[in-house]
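The structure under discussion appears below in the form of structure tokens.
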Amino acid sequence: MNDEQIEELITQTINGAVSTIPAYLEDIKQNQESLKVGNPQEFVYGMIMGMALGMSGAILSAQEEMPTAEDQMKVRDIIYKYIPEIREQIFS
């Protein structure tokens, strides 16, 4: 899989995760007594970033060769460029 294909998969993963933001925020609001989340937006931000980083790690691990540190940094950089968009979706 080339860099362009990996970036497309990561973008799809992030878009899928971002689409769940309203549902997560509503679920936390409805279940606040059970969940006891102090800051729902920060909690959801952590979940979305964890989903993006975790799924991207799985994508890299599925390659024929073990990912190099450089590969991992490329993936991190791709994800990090979406941080402003993710935060805007959560905090606006």
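Taken together, the values in this text are just the output of simple stated rules run on the coordinates, not laboratory data. This structure is a prediction, so every number in the text was calculated from the model and none was measured. A quick note on method: Cβ atoms are made from the backbone with ideal geometry, for glycine too, and the neighbour counts reach across all protein chains shown.
Counting helices only, and only those DSSP H runs with n ≥ 4, report the 222 nm mean residue ellipticity of the chain as the sum of -39,500 (n - 2.57) divided by its residues, in deg cm²/dmol to the nearest 500.
The per-residue figure over the chain is -25000 deg cm²/dmol.
Net charge around I28, counting only other residues with Cβ within less than 13 Å of its Cβ (Lys, Arg = +1; Asp, Glu = -1)?
Every neighbour counted, the sum reads -2.
How charged is the neighbourhood of S56? Take every other residue with its Cβ under 15 Å from the Cβ of S56, and add Lys/Arg as +1 and Asp/Glu as -1.
Neighbourhood net charge equals -4.
With springs only between Cα atoms under 10 Å, which of M47, M55, M66 fluctuates most in a Gaussian network model of the chain?
M66
Looking at the chain as a GNM with Cα springs under 10 Å, which of I14, I48, I78 has the largest mean-square fluctuation?
Of I14, I48, I78, the Gaussian network model singles out I78 as fluctuating most.
Principal axis extents for the chain, Cα atoms only, whole Å, descending order, please.
46, 24, 18
Pick out, from V18, M49, S34, the residue whose Cα sits farthest towards the positive end of the charge dipole of region 15-92, with +1 on the Cβ of Lys and Arg and -1 on the Cβ of Asp and Glu.
It is S34.
Considering only E65, E26, E42, give the residue with the highest GNM mean-square fluctuation for the chain, with springs between Cα atoms whenever their separation is below 10 Å.
Of the options given, E65 has the highest mean-square fluctuation.
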